[in-house]
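Presented below is the structure to which this report refers.
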């Protein structure tokens, strides 16, 4: 199996994870929409301008309880351990094609331990959900107190909470980003655990970025970069290892294993250099690995696969060259549940 073929297998599953993320994001948004309705009903249950300090504090306390309860539900939407189990199993199967021997799996106990240590920008997802809950409670209290002090109408105060530009809209956006990052962080951690355990079958890992207008500079520069399992740049890469993706909120990057070199397998020199030169493509930042983008991957797939990934209409547009990569990777096809994702292995 070539490196590109192996990348295709990893990317195919990464696209399924985008659909899983879309499903989980929808669940999180639904819970926060229920919270928004509760907060709106709470505000409209009495005339705000008539409330004294004690009544305002009691109202805010009720809102705090509702916010904490709903965010507790949102925090349980993503089953990070379940995601890691499915991704690890899929990764083992993908690597079978490059191994001369058996590819070792990672135990459920190890993955359970890893899932507790998964960090998103330096903090566990539980801490991020707690921060979002506290932020929502703070904004509610501020909207009520400031609105009453400034003599705003009942409708204006409610709009600050539940209107088109109310803070609950921002809360839903933040929740979607955290769900996505939680899924992708768990997935890449599981992949790396499998890669590292099977280092005898691979020389290291390669970073793959989705190269479209929405890709940040950091991820764009990293596309195609390669490192050994100690984090040392290899295959001409000069960029230091920055850690596993996601590097930031809504990051869509993945890392894939680099099959063991022909030189190391055959005890020769020069074969890998030739193969590498034939599989490179030019970029404004110098040569990077060829055929490693999501668009290149999808263009090699069958119309049926594209339709299942994007949906029938979007697939027609993609095949006709009228669909952007943003549409490809934002979960715009039919969402997947974790159970469905596991069944696709």
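Please treat every number below as a calculation from the coordinates, not as lab data. What you see is a predicted model, and the numbers here were worked out from it, not measured in a lab. Ideal geometry is used to build each Cβ from the backbone, glycine not excepted, and the neighbour counts take in all protein chains shown.
Quick one: order 47, 107, 80 by neighbouring beta-carbon count within 10 Å, fewest to most.
47, 107, 80
Highest mean first, how do 173-180, 132-139, 187-194, 336-343 rank when packing is the count of other Cβ atoms within 10 Å averaged over residues?
Descending mean neighbour count gives 187-194, 173-180, 132-139, 336-343.
By average Cβ neighbour count within 10 Å, what is the ranking of 203-210, 22-29 from highest down?
Ranked from most to least packed, the peptides come out as 203-210, 22-29.
Return the inverse of the average 1/r over all pairs of distinct C-alpha atoms in segment 49-147, which is the Kirkwood hydrodynamic radius, in Å to one decimal. All intermediate terms of the calculation are to be shown ahead of the outcome.
Working: mean 1/r = 0.0587 Å⁻¹.
Hydrodynamic radius (Kirkwood, Cα only) of segment 49-147 equals 17.0 Å.
Can you give me the convex hull volume of the Cα atoms of segment 28-107, divided per residue and expressed in Å³?
102 Å³
Which of the three applies to segment 214-260, rounded, prolate or oblate, going by the alpha-carbon gyration tensor with a ≥ b ≥ c and a/c under 1.5 meaning rounded?
Since a/c reaches 1.5 and a/b is larger than b/c, the shape of segment 214-260 is classed as prolate.
Please report 65, 50 as a ranked list, fewest other C-beta atoms within 10 angstrom at the top and most at the bottom.
Least crowded to most crowded, the residues run 50, 65.
Tell me, what is a quarter of the convex hull surface for the C-alpha atoms of segment 147-245, in nm² with one decimal?
That works out to 9.7 nm².
For segment 1-74, what D do you get in µm² per second when you plug the Kirkwood radius from alpha-carbon pairs into Stokes-Einstein at 4 °C and 1.567 mPa s?
Rounded, D is 83 µm²/s.
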